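Reading through the structure tokens given below for one structure.
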Amino acid sequence: MIIKKILNNNFLIVEEKCAEKIIMGRGIAFNKKIGQKVDQNRIQKEFVTTNSEFGNKLAFLINNVPMEVFQVVEEIVELYKKEFGKEVSDAIYLSLSDHLNFSLTRSKEEYTYKNMLIWDIHNFYPKEYQIGVYGRDRINQLFELNLPSEEAGFITLHLLNADLSTEDPREIQKIIQIVQEVTDSIRYYFGIEFDTESLYYQRLITHVRFFAQRVIKGVAGSEGLDNDELLSMIKEKYIETYRCVLKIERHIAKKYDFKLSAEEKMYLTLHIQKIIFERE
């Protein structure tokens, strides 16, 4: 790995096996010259720059964003990958570093704006949100700031959008919207407020999140005979809960042109019913 260009004290452009990369590492370019080998022990992150647009944007950020911001982004991404066993797009190093740098600027100007999805993100993606909280706290600690809880929500949204298992970043907002619509239907129908710390609530949210993904992709659940028979038993036993599910079904059909299968109605009824039992 040979140094091709020194961007600053913490970033290098190198060449390895005819491929060009940008290397990040605190002090990695200190006392180094073009043509020398890179100290492998100082490497924190490697970026392959086959995409010229990506390389240009990264080079711009390197000259305008503090090294500490890049390090926090690296910590956040590694924590997310370790916690969920997922890979994320390298684009998050651009988008999140740029966002956090903008947050630093806003904080100096004493100007903040609200993340309208913050409650939904907190409640529908609680584990991911805790990583967002960690990132917000690290920025506050390093720069002696007091960024609000909304910042944790923004960080979480960047992680969700960079998840390579999600083909379209806009899918996250759509999922949150559908989950909100389903849970609102339940709340209004029964006149209740959810205990968001409840195990049954968390299971309901998990189920509805996966259901929302199927709605977006237009993939219905199975329609087996066994499911139809079980559904008949469940709707006779839990009449009011099943009526609530039918209301949700009508809404989903009208707004998203999606038909709930017997399986989906059965499981949704059972999840809602467990919450009702818990409150009694």
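The values are calculated or read from the model by the stated rules, or taken from the named source; none is laboratory data. Remember, it's a predicted structure, so these values are computed and weren't measured experimentally. Because the Cβ atoms are built from the backbone with ideal geometry, glycine has one as well, and the counts that use them run over all protein chains shown. Note: accessible area is taken over every heavy atom of the protein model, side chains too, but ligands, DNA and RNA are not part of it. Shrake-Rupley method; radii C 1.70, N 1.55, O 1.52, S 1.80 Å.
Screening the stretch 50-106 for residues that are of a type in the set (Gly, Ala, Ser) and either out of contact with any helix residue (DSSP H, G or I) (no Cβ under 8 Å at 6 or more places or on another chain) or not in a helix (DSSP H, G or I) (or both) and picking the one that is most open to solvent (accessible area, probe 1.4 Å) gives Ser52. Against the test of being at pLDDT below 90 and of a type outside the set (A, V, I, L, M), the options Glu128, Glu109, Glu144 yield a single qualifying residue, Glu109. Restricting attention to the stretch 9-35, the residues being open to solvent by 70 Å² or more (accessible area, probe 1.4 Å) and either modelled with pLDDT of 90 or more or assigned to a loop (DSSP other than H, G, I, E, B) (or both) number 8. Here Gly153 meets the list (1) modelled with pLDDT of 90 or more; (2) within 30 Å of Ser198 (Cα to Cα); (3) small (Gly, Ala, Ser) almost entirely, failing just condition (1). Test Ile6 against the criterion of being touching a residue at least 24 places away in the same chain (Cβ under 8 Å), over 25 Å from Thr156 (Cα atoms) and open to solvent by less than 80 Å² (accessible area, probe 1.4 Å), and give yes or no. Yes; evaluated as a whole, the condition is true for this residue.
When residues in the stretch 60-108 are screened for being under 15 Å from Gly132 (Cα atoms) and among the small types (Gly, Ala, Ser), 3 of them pass. Just one of (1) acidic (Asp, Glu); (2) modelled with pLDDT of 85 or more; (3) open to solvent by less than 70 Å² (accessible area, probe 1.4 Å); (4) within 23 Å of Gly153 (Cβ to Cβ) fails for Glu264. It is (4). Look at the stretch 58-73: where a residue is modelled with pLDDT of 90 or more and a partner is among the hydrophobic types (A, V, I, L, M, F, W, C) and not in a helix (DSSP H, G or I), sitting 6+ places away or on another chain with Cβ atoms under 7 Å, you get Ile62/Leu7; Ile62/Phe11; Phe70/Met24. For the stretch 197-205, the criterion of being more than 23 Å from Tyr129 (Cα to Cα), modelled with pLDDT under 90, in a helix (DSSP H, G or I) and basic (Lys, Arg) is met by none of the residues.
Close Cβ contacts (under 6 Å, 6 or more residues apart or on different chains) running from residues in the stretch 151-173 that are closer than 17 Å to Arg214 by Cβ and open to solvent by less than 50 Å² (accessible area, probe 1.4 Å) to residues that are of a type in the set (Lys, Arg) and at pLDDT below 70 are absent. For Phe47, all conditions in the list (1) surrounded by fewer than 16 Cβ atoms within 10 Å (Cβ to Cβ); (2) in contact (Cβ under 8 Å) with a residue 24 or more places away in the chain hold save one; what is the number of the exception? Of (1) surrounded by fewer than 16 Cβ atoms within 10 Å (Cβ to Cβ); (2) in contact (Cβ under 8 Å) with a residue 24 or more places away in the chain, only one is false for Phe47: (1).
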